[in-house]
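Taking it in order: structure first as structure tokens, then the write-up.
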Amino acid sequence: MTKFNDFLAEELKDPKFKAEYDALEPEFAIIQAMIDARKESGLTQKQLAEKTGINQADISKLERGNANPSLRTLKRLAAGMGRTLRVEFARR
């Protein structure tokens, strides 16, 4: 992983790259929160799929960042993990 981290550190020196990277932070945060919640719940993707009726392949796509979930989908995922979804508009 060091080679990637070194590469990323170098790329982040470019202001345009850094701006684009920073703009994606909210999406990365949602993805990571979803993965963390699933793992803390002790569920595999397959188990979460069975609980929510959402296809396991679709859960995998969401966790890889290859899909944009609706609020309805996020609520279903949260419920399947015994959680609630909270969305907020925070001040900068």
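The values are calculated or read from the model by the stated rules, or taken from the named source; none is laboratory data. These numbers were taken from a predicted model, which means no experiment stands behind them. Using ideal geometry, Cβ is built from the backbone for each residue, glycine included, and neighbour counts are taken over all protein chains shown. With ligands, DNA and RNA removed, areas are computed over all heavy atoms of the protein, side chains included. Shrake-Rupley method; radii C 1.70, N 1.55, O 1.52, S 1.80 Å.
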Practice problem: Determine whether K3 is out of contact with any helix residue (DSSP H, G or I) (no Cβ under 8 Å at 6 or more places or on another chain) and open to solvent by 70 Å² or more (accessible area, probe 1.4 Å). | Solution: yes
Quiz item: What are the residue pairs meeting all of these: first residue in the stretch 49-73, first residue of a type in the set (G, A, S), second residue in a loop (DSSP other than H, G, I, E, B), Cβ atoms under 7 Å, and 6 or more apart or on different chains?
Solution: A49/N55
Quiz prompt | Residue ID - nearest to E25 (Cα to Cα), chosen from residues in the stretch 74-92 that are in contact (Cβ under 8 Å) with a residue 40 or more places away in the chain and more than 15 Å from the chain's Cα centre (by Cα) | solution = R83
Quiz item: In the stretch 47-66, how many are surrounded by 15 or more Cβ atoms within 10 Å (Cβ to Cβ) and either among the β-branched types (V, I, T) or closer than 14 Å to Q32 by Cα (or both)?
Solution: 5
Practice problem: Could you pull out the residue among A19, A90 that is of a type in the set (G, A, S), part of a loop (DSSP other than H, G, I, E, B) and exposed (fewer than 11 other Cβ atoms within 10 Å of the Cβ)? | Solution: A90
